[in-house]
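As structure tokens, the structure follows; a few thoughts come after it.
The values are calculated or read from the model by the stated rules, or taken from the named source; none is laboratory data. In this text, all values refer to a predicted model and were calculated from it rather than measured experimentally. All Cβ positions, glycine included, derive from the backbone under ideal geometry; neighbour counts span all protein chains shown.
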Amino acid sequence: MADSTQSEFVTLVSCDGFEFIIPRSAACISGTIRRMLDPASKFSESLSGRCVLENLSGVVLEKVCEYFMYNEKHKDQANVPDMEIPAELCLELLMAADYLDT
Amino acid sequence: MDNEVPLPPPRRIRHRSPSRLSPAGSVASSFRRSRRLSRFDDRSSQPSSDPALFSSDDIPASGLENYHAPVAGAGRKRRYRGTWWGEQVSDPKRKRADFKEKRHVDSGVWMGSDESIAESSLPSEDASNWGEDLLKTVLDPRAPSKVSNAPLLVKPSDIQSASMQPRPIILQGPVESEEHKYVKAVINDCLEKGDDSVDLGNINMRSIPPGLLRPLHHLTKLPSLHEAPVSENAYSSLQPFLRIYLSNNSLNTLYTSEIFDLKDLKVLSLRNNKLTRIPEAIRKLTALQVLNVSVNRLDELPWDLLWLLQQGELKHFTAHPNPFPSIDESGLVDWHCQFDKPNDAKDEDEVEEDTPETTPIPKFRDYEGVPPDDAWTPIHVATGPVSRLDMEGRPLEWNPSLNAVSTTYPSSRAPSLREVSLRAISKLPGIEQLTDLELMEFPALVIPLISLARQARQEGAQHCSICQREFIVPRAKWTEWWDCTPHENGMKRPRVSGEQLRPLPFKRVSCSWACVPGVQSVE
């Protein structure tokens, strides 16, 4: 248990059961997930390193994870390339962004 | 009309061109609002070219051969028409009678002389009316949606008979105001004569509808024919030197005007209007040489205007009088110039650290002899406080310890997920025609954001004034005061030695906190 809080990777679970394992630093780009995983919060997520995001479907969460990695990769870069978003997902992603505070 | 009928398309997804429409459609369907879906469809299925109109007689494969044998094709036809507007047909028998009646007056092709309301939906070829057509399409949400809904094949009179009651003006757009008629006449006159000076002043115009100025793209100057002997100015350039005078009107917005799409515009006068803001899109007028925005309600100028002064062709810029705030009203200010101090003690430091109690009068440095280069160029006088905005573009509380803020919100140049998805939304087809009412159907949380995306689509995306990237949600804004005196007098004379500076406020916006000058990105 104590180990999992130190673990480098966290698991994000969508409402339809898809699991995405991504680096903790990338997941913490989202304010919501950062607060979930904050060890001081003592949320079960922070203990298990596993966040179940009931509002997000697998398709959206996959794109969100792609964004996390994109943000992580270009964090310190001066000239950030654009990230492609399929048009049918953009509204749901906007809602997800609102929920995830990112 | 290459679909050889009579296979009716499935009901809900009628005549969508899949490439353009599926995004909007599926987005909307993701929110399970079929009503909006149909709205999206209607709008974006409008053809880019003027629609040709055919009667429904052509629809069955039998075509003209079938002309005298209505019974044979009737079954098919009725089925076909049923699919076009199936929901609205209440009494097929009556309809069929109508149809027969129409048949013998119908040649299959709609001519202008036909006495029917189809006329009003026929796009007129000449430039004098196509602005009006566009106006109809844009401003009347119901009529054009009908037309495009049953595209090109169905007689509007058939639509009529199918709908509940006849509405003779259904296809007519809103009544065009006198001013707009006048403007159109002036523009047509200019186009005809090849006159590149378009005087639209003194007509009390409140807004410029979209499409009105677009014909000016095609303005061609005519060679002047003089009697012999040919004088020298007969050989003047035929490149149009486009000038638009919109002075003494009541314009309060320029967003819909498409005026900034006239790339060749050289002179623009907006004097004596009611403008409160100059859109950033003015940057697109790279050929602009003279700009007059005096006697308006501006309290700031877009940064892009300074860019035009520095990098573009803009040589004569008239900004005063306007209700610009004075520097000392704007709080914390970093000075970047020298002051005219009463004791004549010249301060050589570039930045004056502490703001003197009495507001200093900035002045140009003393020089002798030939004016240096910077006597001509705009001078950065002062910088106002930077106000940071959160991920939704709302101002954050002013925090004196900015470093504390920047650690909780790391200032990276990577866009937020909101920003990324808004950029995608702003590229959706039809987003610029979203009305406020339709906007209210979105979840309340995202309404302000989507309206930002819509605005970005309407006006053109804003550019970060530091890194030049396009963005939707500004993350920081501040005001810089620049003195542009030489441009204000038309580059006739440079600043004289020790001249008092009269800085103008230019608003800068940036796409990320990392772009704010003086803030290093946090590791």
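Could you list, in sequence order, the residues of the range B:408-453 that are among the acidic types (Asp, Glu) and under 22 Å from residue A:102 (Cα atoms)? The one that is among the acidic types (Asp, Glu) and under 22 Å from residue A:102 (Cα atoms): B:419.
For every residue, the table says whether it meets (1) of a type outside the set (Phe, Trp, Tyr); (2) surrounded by fewer than 18 Cβ atoms within 10 Å (Cβ to Cβ); (3) touching a Gly at 6+ places or on another chain (Cβ under 8 Å); (4) modelled with pLDDT under 80.
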position	(1), (2), (3), (4)
B:379	yes, no, no, no
B:384	yes, no, yes, no
B:401	yes, yes, no, yes
B:408	yes, yes, no, yes
B:422	yes, no, no, no
B:425	yes, no, no, no
B:444	yes, yes, no, no
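Here is a yes/no grid of residues against (1) modelled with pLDDT of 85 or more; (2) in contact with a strand residue (DSSP E or B) (Cβ under 6 Å, 6 or more places away or on another chain):
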{"residue": "B:449", "(1), (2)": "yes, no"}
{"residue": "B:472", "(1), (2)": "yes, no"}
{"residue": "B:494", "(1), (2)": "no, no"}
{"residue": "B:498", "(1), (2)": "no, yes"}
{"residue": "B:507", "(1), (2)": "yes, yes"}
{"residue": "B:512", "(1), (2)": "no, no"}
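Inclusion of residue A:43 among residues that are away from every other protein chain (no Cβ under 14 Å) and either without any contact (Cβ under 8 Å) to a residue 12 or more places away in the chain or of a type in the set (Ser, Thr, Tyr) (or both) is warranted. Looking across the range B:257-295 at every residue that is of a type in the set (Val, Ile, Thr) and in a loop (DSSP other than H, G, I, E, B), the one that is nearest to residue B:196 (Cα to Cα) is identified as B:286. Considering the range B:308-333 alone, what residues qualify as being in contact (Cβ under 8 Å) with a residue 60 or more places away in the chain, not polar (S, T, N, Q) and not in a loop (DSSP other than H, G, I, E, B)? Residues satisfying the conditions are B:309, B:316, B:317, B:327. With the condition kept exactly as written, say whether any residue in the range A:9-16 is of a type in the set (A, V, I, L, M), without any contact (Cβ under 8 Å) to a residue 40 or more places away in the chain and closer than 22 Å to residue A:97 by Cβ. So far as the range A:9-16 goes, no, none of its residues is of a type in the set (A, V, I, L, M), without any contact (Cβ under 8 Å) to a residue 40 or more places away in the chain and closer than 22 Å to residue A:97 by Cβ.
When the residues of the range B:191-209 are filtered to those that are crowded, with 19+ Cβ neighbours inside 10 Å and in a loop (DSSP other than H, G, I, E, B), the one that is farthest from the chain's Cα centre (by Cα) is B:196. For the range B:476-520, enumerate the residues that are touching an Asp or Glu at 6+ places or on another chain (Cβ under 7 Å) and assigned to a strand (DSSP E or B). Passing the criteria: B:479, B:500, B:503, B:505, B:506, B:507, B:508.
Of the set (1) aliphatic (A, V, I, L, M); (2) without any contact (Cβ under 8 Å) to a residue 24 or more places away in the chain; (3) closer than 17 Å to residue B:391 by Cβ, all apply to residue A:100 but (2). Might you let me know whether the range A:57-73 holds any residue that is surrounded by fewer than 20 Cβ atoms within 10 Å (Cβ to Cβ) and at the interface with chain B (Cβ under 9 Å from one of its Cβ atoms)? The answer is yes; a qualifying residue exists.
Considering only residues that are among the acidic types (Asp, Glu), more than 7 Å from every other protein chain (Cβ to nearest Cβ) and buried (at least 17 other Cβ atoms within 10 Å of the Cβ), which ones fall in the range A:74-102? Correct list: A:101 only.
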